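The values are calculated or read from the model by the stated rules, or taken from the named source; none is laboratory data. These numbers come from a predicted model, not from an experiment. Quick reminder, even Gly has a Cβ in these numbers, built from the backbone with ideal geometry, and neighbours come from all protein chains shown.
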């Protein structure tokens, strides 16, 4: 297994581990291919920071070896139990329940700042500069839910009343810039225990939890492919840096 310095050289040559990209992987399915593409994309755009992969216990050894060979830094995490009363039928898609595992990322306090990227994301241009955004906020791109079983756009979707006041904008949980912190991590888990489950699972929850400090960044940093035909007027293809194949 490569050590941290070797992995950093593979992904761009910066041994400053105050920042990192991060994604997470579960089970023995095809998402490992997405993580490999993500690692290759970061390498191609000469990202200066490593890709950390948070892996659940059910990720097989051969998949782990593939990721290590791509220069990824692996970090084992345990599953996060969805809110009490959860059933898969409460979510737009049943597998959304698994995404609560993202909350574990706030425990990675060896990094001052991280950029989370879903495994179905591809990076086409360097986005290292996002690490320089002012501290104290969570940065993400406004969501488009048009393709999600006929759901309306995020500026029209009804915010779950059980979560209280709606956030200033509703962001997509597939990409965000955040700061790991143990107090935040513990608050995320404890608040989850008393928060009712909603249709978009962890995405609704992150919007609720960070509603006071979330800040929008341009769609070029998380272009949902549905935007190409749902909102072409909002897409600047020549400027797009990150594409989300959700």
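Scanning region 59-86 for residues that are farther than 12 Å from residue 24 by Cα, part of a loop (DSSP other than H, G, I, E, B) and free of Cβ contacts under 8 Å to residues at least 40 places away in the same chain yields 60, 81. Out of the residues in region 181-210 meeting the condition of being outside any helix (DSSP H, G or I) and at pLDDT 95 or above, tell me which one is nearest to the chain's Cα centre (by Cα). If we take residues in region 181-210 being outside any helix (DSSP H, G or I) and at pLDDT 95 or above, then 210 is nearest to the chain's Cα centre (by Cα).
The listed residues are 162, 147, and the only one of them that is over 30 Å from residue 43 (Cα atoms), at pLDDT below 80, more than 17 Å from the chain's Cα centre (by Cα) and surrounded by 14 or more Cβ atoms within 10 Å (Cβ to Cβ) turns out to be 147.
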